[in-house]
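Q: I have a structure here, written as structure tokens, and I will follow up with some questions on it.
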Amino acid sequence: AKRVRLIGDLPFFVSPDSSDVWVNPELFLLDDQHRPRFVAGVPPDYFSSLGQLRGNPVYDWDAARRTGYRWCIDRLRALLTHVDMVRLDHFRAFAAAWHVRAAAATAQIGDWVPGPGADFFAAAEKEIGSLPFIAEDLGLITPDVGALRDRFRLPGMRVLQFAFDGHSDNPHRPDNFMPNTVVYTGTHDNPTTRGWFDALPAQQKQELGGYLGRQLDGGDAASALIELAWSSGAALAIAPLQDFLNLGNDARMNLPGRADGNWRWRFTEDMLTPETLSRLLELTQRSARMSSQSRGVTERHVT
């Protein structure tokens, strides 16, 4: 009756001590002691100058292909019993993943190794039908990643905190959005928008103010970016709860590359006041983003 739909998150990799690896060692590049020969990582990018050494075992895609990707598809099917759409974390690894030797201390040195590509998505589409996915296409995105996303008409992601770097062709600027896009003020890997704004150099604050037609301060930056996301041409607009509450970086969810101290922030019901809910309702109605006004992610992914 409420037309509420849930988006789940599917990590690309799994833990080395997971039941997945224990039961299916043949699907991973392990040594004869079932220890990873290579681990997953991300090369240096705007999240971390050392890259992200994730430490997860990497897949043996030749072995997975011989099974018709059975374990991978079963994993997706299981998640879809709980949610309506799935954000495919680290989507670029479906095209190619950064493999780092297991003994490495950082992810700075590694190799791009091809992933399953279109072959996997064709198999998944055959098994589960319409692909209700969002492609997390952030970081180092090469043409093959965009081509794979577009071939299966998957919406990509744009993040407003990345938009104001002085370049008019920045794909995260709302005037450059493709319609089949999901826009975020920031993700769980970003600072809160208030924390982000407070740390911005003066030049970027001026650029943001020029784009919006008014200068901001820490008190209204989060609400301004939420309004910018909601009023954009993106099919879906998402903001972390911390941004609705205008919280600083003490409420940040995750710091990429740091193993401890993440995912500690907790929400309590009293934080969400009637005034906050009223503002969100008014903005959502004004921006034609109520469920009855849905723009849809694609013809196949109406939300």
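The values are calculated or read from the model by the stated rules, or taken from the named source; none is laboratory data. Keep in mind the model is a prediction, meaning the values are calculated, not measured. No Cβ is skipped: glycine too gets one built from the backbone with ideal geometry, and neighbour counts run over all protein chains shown.
Q: When you scan the stretch 1-117 for strands (runs of 3 or more DSSP E) that lie fully inside it, which ones turn up with 2 or more residues that are among the small types (Gly, Ala, Ser) and under 21 Å from the mean Cα position of the chain (by Cα)? It would help to see each step written out before you state the result.
A: Values: elements: 7-10, 38-42, 52-57, 85-88, 96-101, 111-114.
In the stretch 1-117, 38-42, 96-101 are the strands (runs of 3 or more DSSP E) which contain 2 or more residues that are among the small types (Gly, Ala, Ser) and under 21 Å from the mean Cα position of the chain (by Cα).
Q: Which of the residues spanning the stretch 161-176 are of a type outside the set (Ser, Thr, Tyr) and over 16 Å from GLU136 (Cβ atoms)? Full working, then the answer.
A: Step one: of the stretch 161-176, the residues of a type outside the set (Ser, Thr, Tyr) are 161-167, 169-176.
Once the filter is applied, which keeps residues that are of a type outside the set (Ser, Thr, Tyr) and over 16 Å from GLU136 (Cβ atoms), the stretch 161-176 yields ALA163, PHE164, ASP165, GLY166, HIS167, ASP169, ASN170, ARG173, PRO174, ASP175, ASN176.
Q: Counting only residues that are under 22 Å from PHE28 (Cα atoms) and surrounded by fewer than 16 Cβ atoms within 10 Å (Cβ to Cβ), how many does the stretch 75-103 have? Can you show your working first?
A: Narrowing the stretch 75-103 to residues under 22 Å from PHE28 (Cα atoms): 75-79, 88-103.
With the extra rule that they be surrounded by fewer than 16 Cβ atoms within 10 Å (Cβ to Cβ), the set shrinks to 75, 77-79, 89, 101, 103.
Matching residues across the stretch 75-103 total 7.
Q: Tell me which residues, restricted to the stretch 118-141, are part of a helix (DSSP H, G or I), acidic (Asp, Glu) and more than 22 Å from ASP60 (Cβ to Cβ). Please lay out each step first, then the result.
A: Taking the stretch 118-141 and keeping what is part of a helix (DSSP H, G or I), we get 118-128.
From what is left, the residues that are acidic (Asp, Glu) are 119, 125, 127.
If the condition is that a residue be part of a helix (DSSP H, G or I), acidic (Asp, Glu) and more than 22 Å from ASP60 (Cβ to Cβ), then GLU125 is the only one that fits.
Q: Follow-up. With the requirement that a residue be of a type in the set (A, V, I, L, M) and either part of a strand (DSSP E or B) or surrounded by fewer than 17 Cβ atoms within 10 Å (Cβ to Cβ) (or both), what does the stretch 142-166 give you? If you could, list the steps in order and put the result at the bottom.
A: Initial filter on the stretch 142-166 (of a type in the set (A, V, I, L, M)): 145, 147-148, 154, 157, 159-160, 163.
ALA147, MET157, VAL159 - these are the residues of the stretch 142-166 that are of a type in the set (A, V, I, L, M) and either part of a strand (DSSP E or B) or surrounded by fewer than 17 Cβ atoms within 10 Å (Cβ to Cβ) (or both).
Q: With (1) at pLDDT 95 or above; (2) over 30 Å from GLU125 (Cα atoms) as the list, and ILE238 as the residue in question, which single condition is left unmet?
A: (2)
Q: What pairs can you find where one residue is in the stretch 1-14 and over 20 Å from VAL183 (Cβ atoms) and without any contact (Cβ under 8 Å) to a residue 60 or more places away in the chain, the other is surrounded by 13 or more Cβ atoms within 10 Å (Cβ to Cβ) and of a type in the set (Val, Ile, Thr), and their Cβ atoms are less than 8 Å apart, with a gap of 6+ or different chains?
A: VAL14/VAL21
Q: Going through the stretch 15-57 one residue at a time, which ones are in contact with a helix residue (DSSP H, G or I) (Cβ under 7 Å, 6 or more places away or on another chain) and among the acidic types (Asp, Glu)?
A: GLU26
Q: Across the stretch 172-192, which residue is nearest to the chain's Cα centre (by Cα) among those that are farther than 26 Å from ALA251 by Cβ and in a helix (DSSP H, G or I)?
A: For the stretch 172-192, the residue satisfying everything is ASN176.
Q: Further question: Mind checking whether some residue in the stretch 28-51 is under 30 Å from ARG289 (Cβ atoms) and modelled with pLDDT of 95 or more? Even if it seems obvious, please write down each step before you answer.
A: Looking only at the stretch 28-51, we keep the residues that are under 30 Å from ARG289 (Cβ atoms), and these are 46-47.
Add one more test, that the residue is modelled with pLDDT of 95 or more, and what stays is none.
Among the residues of the stretch 28-51, not one is under 30 Å from ARG289 (Cβ atoms) and modelled with pLDDT of 95 or more, which makes the answer no.
Q: Check whether at least one residue in the stretch 172-187 is outside the structural domain of GLY233 (by TED's automatic domain parsing) and among the charged types (D, E, K, R), and report yes or no.
A: Step one: list which residues in the stretch 172-187 are outside the structural domain of GLY233 (by TED's automatic domain parsing), which gives none.
There is no residue in the stretch 172-187 that is outside the structural domain of GLY233 (by TED's automatic domain parsing) and among the charged types (D, E, K, R).
Residue by residue, here is whether (1) surrounded by 15 or more Cβ atoms within 10 Å (Cβ to Cβ); (2) modelled with pLDDT under 95; (3) part of a helix (DSSP H, G or I) holds:
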position: ARG194; (1), (2), (3): yes, no, yes
position: GLY219; (1), (2), (3): no, yes, no
position: GLU227; (1), (2), (3): yes, no, yes
position: ALA234; (1), (2), (3): yes, no, no
position: GLN242; (1), (2), (3): yes, no, yes
position: LEU255; (1), (2), (3): yes, yes, no
position: ALA259; (1), (2), (3): no, yes, no
position: SER278; (1), (2), (3): no, no, yes
position: ALA288; (1), (2), (3): no, yes, no
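Q: Right, something else. What do you reckon, is GLN161 over 20 Å from GLY68 (Cβ atoms), in the same structural domain as ALA235 (by TED's automatic domain parsing) and not aromatic (Phe, Trp, Tyr)? Steps first, please.
A: Working: over 20 Å from GLY68 (Cβ atoms): yes; in the same structural domain as ALA235 (by TED's automatic domain parsing): yes; not aromatic (Phe, Trp, Tyr): yes.
So GLN161 fits the description; yes.
Q: Here is a list of conditions, (1) without any contact (Cβ under 8 Å) to a residue 12 or more places away in the chain; (2) more than 27 Å from PRO44 (Cβ to Cβ); (3) of a type in the set (Asp, Glu), and GLU127 meets all of them except one; can you say which number that is?
A: Result: GLU127 fails condition (1) only.
Q: Kindly indicate which of ASP198, ASP169 is part of a helix (DSSP H, G or I), acidic (Asp, Glu) and outside the structural domain of ALA107 (by TED's automatic domain parsing).
A: ASP198
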